[in-house]
Each structure stands twice: as C-alpha cells, then as structure tokens.
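Before any comments, here is the structure.
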Amino acid sequence: MNITPNFVNKKTWNKVLNYIAMSDEQPPYLLMDKEVIRDKVAIIGRNIKNSKVFYAVKANPDIEVLKFLNSLGIGFEIASEGELQMLKSLGVEPERIITSNPVKTFKFLEQAVSCGVNYFAFDSRSEVEKLARYAHGCNVYVRLTVPNEGSEWPLSKKFGVELDEASELLLYARDRGLNPVGITFHVGSQCNNVYNWNTAIDKAKELWELAEDNGIKFKMLNIGGGYPIHYTKNVVDVETIEKKINKVLWRKFPKDIEIFIEPGRAVVGDAGIFVANVIGKASRGDENWLYIDVGVFNGMMESIGGIKYNYVVGSRNEPKEWTIAGPSCDSFDVIDREVELPEPEVGNRILILSSGAYTISYASEFNGFSIPKTILI
Ligand SMILES: *Cc1c(COP(=O)(O)O)cnc(C)c1O
C-alpha cells in the first residue's frame, strides 16, 4: 500500500498508513481525516453570496465527527430526536439547526420546538396541520420537486410538490398561523449534473413570484444537498458548481436573499477510509469472489444503490477481476462486481476510499457483525 492512489490527498494517505501500522485496533474500522473535513467546510458555501451551511447529520452522525464539525461553527440539518439529542449534548444553539424532512414524527417536532429550533420544511396539507399544532408561528419552507437526472442517489419521488400545489400550501400555512419564509429542493444525492441546480433554481424563482403575487414575502432559498464526491468517476468540483449557482441566483433573486446549503456527502465522504480484512476467497463458475469483513449491512449499504467504491490492497500480484462480498450469510451482501485488483491474501487489509458518508450511519448488527468503530485521525 505504498503507492498513493492519485486522487487521495497524500497527507491523508500517510496518516492512514501510519495509523494502521501503529494501532492495535482490529479492523474493520472507519478512519476519518479531520483535515479533509476542515478543508471541505472551508470550501463549501464560499462561492455563494449570503450563504449559510447546514451539515446533513444523517451522512455521518458519529459523535466525534459532530463535535469536530461543531468546533468549526457549521450549522446542522436534522430529521429526528436522536440527531437533535446529539447536537444538544454538544451544546449546539438552536439557531444553527434546521429541519428539512417534509414529514416529521410528532415526538421529534415536539422536542425540536421546545429546544428552540425554528426552521421546518413541509410539502403536504397534513404536515402544515401538524406544524400549526406543534410549531405555531415558526418559520416554514416548502419543498419543491425538481429533476434528479444525473444524480446517483435520486430522492425526488418521495418528497416535494409541484408549483401550483406549493403555492396553495404556502397560503394554507400562512392562514394556519405559520410563517412561510422560503423554498427548498434537493437535486438528488451525488449529483454530477450542474444543470439540475439551474433547473431547480428556475423553478424556485417561479414559485417565489407566485408567492409574492399572493402577498407572501420570502427571504430564504434552501438549495439542499447533492454536491458529489470522487468515488471511481471524476466529478464536477464544489467550487465550479457553486460559482454557477451563484451567478444564476445573483441574476434572478433579490440581492438580500439568504441562501441555505445542506451538504452531507460532500462534507464527510472524502474524509473517510474504511480499513477492513480480506476474510476469504473463492472461485465460483468463472467469477473470482473476495470476501471482506465490511458488507452491505455493516457499512456498505449504498453499494446496492449503485455507489461504486475504490478499493486498495497491498498486493503486487497481477490484477484480476473480483466480485466483492461482505461477511454475512445473506445473498444481498455483495458490494461490487468486476473490480480489478491484484490478488490479496486472506488476512490482508483492504482499504475502501471515500467512505465517510452514508456508511456507518446505515450500518446494523445484522447476523451478529458489529458496527465498525469510527476513529478521527
Ligand atoms: C440527505 C439530505 C441532505 C444531504 O444530501 P447530500 O446529497 O448528502 O448532500 C440535504 N438535505 C436533505 C433534506 C436531506 O434529506
């Protein structure tokens, strides 16, 4: 493992190799490089005027990760009482917390309001009614459906409403004693299509005008998450995406508008490197199988949704094509196919790059395999 993969920061790579060499910790575990997180936080939002960044906690809710992010002064986007309690335990002020899940549980809503959280999304009449009851007078924003083409993890079907319905819901929210302050959307996670933001912003602009015609004065546009990271394919960088977004916003929206951004993957994804063990090999038919001790159920859930990770092994053997599977007895537990890798030995380490987002947060103890530890380096 002495060669730095070309898109991993050399410093990160050295820290990882050092940690593996010096530590008694048994894999599998997830290493998170604080410097990478710090760099991401410094970059995200920098090229969008008047923006505030709220980290989507579900991407990686490890308490040490949250503590570190809190020390950097970032805001947080949450959806549950569990996420709220963690932030409270760290002393995060309610002004730095928003909640963009358009369908919230009663328990969460009650707790969030009593803690002083004051920004809530909605996209249905029943949610307006719920908010009117639990969050009277609070700031609310409507979630618009926008195209998710080109996103590897589309989210569009579950949430959001079209323009006319959004416009009606805003009036309904106002009539029910809520304070409509703006609009949100999500272009889909791991979005590598910059035009998705353009289309979404155009649509938000239309809604902005409809609302204004109805006497609703907005002040905020929440452009959601979706910034992509480098897995196996090159992606557009955050700076380029934000400069494009900023140009469109500047042209179309009032100059005093406040922009909220809710990145999850882009904040923590690249900072994470999984360290796992090769636990078995087999050839079945014409396929070479490699079994490792992290799989779909204890960290690699997104692989079944199409995320392809980069793997590194220390071997200098000839590359072969592998099907890589996790440790459980479930046949769903296959994390990748047709992966070119030099043949490792059973007992060797295997590293999985860019695995800091949506890995441990999805992990379960299915089949008795424990959830890998997260370690900040
Ligand atoms: C998950 C989520 C995000 C974060 O999305 P990424 O693609 O990880 O940046 C942001 N906002 C909302 C409402 C979400 O549900």
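The values are calculated or read from the model by the stated rules, or taken from the named source; none is laboratory data. None of these values were measured; they are calculated from a predicted model. No Cβ is skipped: glycine too gets one built from the backbone with ideal geometry, and neighbour counts run over all protein chains shown.
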Fill in the blank from the handout: The condition from (1) surrounded by fewer than 20 Cβ atoms within 10 Å (Cβ to Cβ); (2) part of a loop (DSSP other than H, G, I, E, B) that residue 251 misses is numbered (2)
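Matching residues to (1) within 21 Å of residue 259 (Cα to Cα); (2) in contact (Cβ under 8 Å) with a residue 24 or more places away in the chain:
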site: 147; (1), (2): yes, yes
site: 152; (1), (2): no, yes
site: 168; (1), (2): no, no
site: 178; (1), (2): yes, yes
site: 184; (1), (2): yes, yes
site: 198; (1), (2): yes, yes
site: 229; (1), (2): no, yes
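Can you list the strands (runs of 3 or more DSSP E) lying wholly within segment 261-377 that have 3 or more residues being on the phi < 0 side of the Ramachandran plot and surrounded by fewer than 18 Cβ atoms within 10 Å (Cβ to Cβ)?
The strands (runs of 3 or more DSSP E) meeting that bar are 272-284, 287-292, 319-325, 334-342, 373-376.
Would you pick out the residues in segment 101-138 that are assigned to a helix (DSSP H, G or I) and aliphatic (A, V, I, L, M)? Steps first, answer last, please.
Filtering segment 101-138 down to residues assigned to a helix (DSSP H, G or I) leaves 106-115, 125-134.
Within segment 101-138, 109, 112, 113, 128, 131, 132 qualify.
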Practice task
Please tell me if residue 193 is among the polar types (S, T, N, Q), surrounded by fewer than 23 Cβ atoms within 10 Å (Cβ to Cβ), assigned to a loop (DSSP other than H, G, I, E, B) and away from the ligand (no atom under 11 Å from the Cβ).
Solution key: yes
Handout entry: Verdict on residue 180 being touching a strand residue (DSSP E or B) at 6+ places or on another chain (Cβ under 6 Å) and either within 16 Å of the ligand (Cβ to nearest atom) or not assigned by TED's automatic domain parsing to the domain that holds residue 113 (or both)
Key = no
Exercise for the section: Kindly establish whether residue 70 is within 19 Å of residue 376 (Cβ to Cβ) and either in contact with a helix residue (DSSP H, G or I) (Cβ under 9 Å, 6 or more places away or on another chain) or surrounded by fewer than 17 Cβ atoms within 10 Å (Cβ to Cβ) (or both). Expected result: yes
Exercise for the section: Please work out which one of (1) of a type in the set (A, V, I, L, M); (2) crowded, with 18+ Cβ neighbours inside 10 Å; (3) free of Cβ contacts under 8 Å to residues at least 60 places away in the same chain is the condition residue 98 fails and give its number. Expected result: (3)
Exercise for the section: Give 107, 88, 67 a once-over and let me know the one that is free of Cβ contacts under 8 Å to residues at least 24 places away in the same chain and basic (Lys, Arg). Expected result: 67
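Within segment 204-245, which residues are in a helix (DSSP H, G or I) and of a type in the set (Gly, Ala, Ser)?
Listed by number, the residues that qualify are 204, 211.
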Problem - The lone exception for residue 16 - which of (1) outside the structural domain of residue 371 (by TED's automatic domain parsing); (2) surrounded by 17 or more Cβ atoms within 10 Å (Cβ to Cβ); (3) in contact with a Leu (Cβ under 9 Å, 6 or more places away or on another chain) it fails - result: (1)
Problem - Residue, nearest to the chain's Cα centre (by Cα), within segment 116-134, restricted to residues that are farther than 23 Å from residue 158 by Cα and surrounded by fewer than 17 Cβ atoms within 10 Å (Cβ to Cβ) - result: 116
Handout entry: Residue within segment 37-46 that is out of contact with any Leu (no Cβ under 8 Å at 6 or more places or on another chain), of a type in the set (D, E, K, R), surrounded by 15 or more Cβ atoms within 10 Å (Cβ to Cβ) and under 13 Å from residue 356 (Cβ atoms) present
Key = yes
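Please pick out the residue among 110, 95, 77, 129 that is within 13 Å of the ligand (Cβ to nearest atom) and acidic (Asp, Glu).
On the way: 110 fails: within 13 Å of the ligand (Cβ to nearest atom); 95 fails: within 13 Å of the ligand (Cβ to nearest atom); 129 fails: within 13 Å of the ligand (Cβ to nearest atom).
So the residue among 110, 95, 77, 129 that is within 13 Å of the ligand (Cβ to nearest atom) and acidic (Asp, Glu) is 77.
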Problem - Test set (1) surrounded by fewer than 16 Cβ atoms within 10 Å (Cβ to Cβ); (2) over 19 Å from residue 130 (Cα atoms) - residue 200 fails condition number - result: (1)
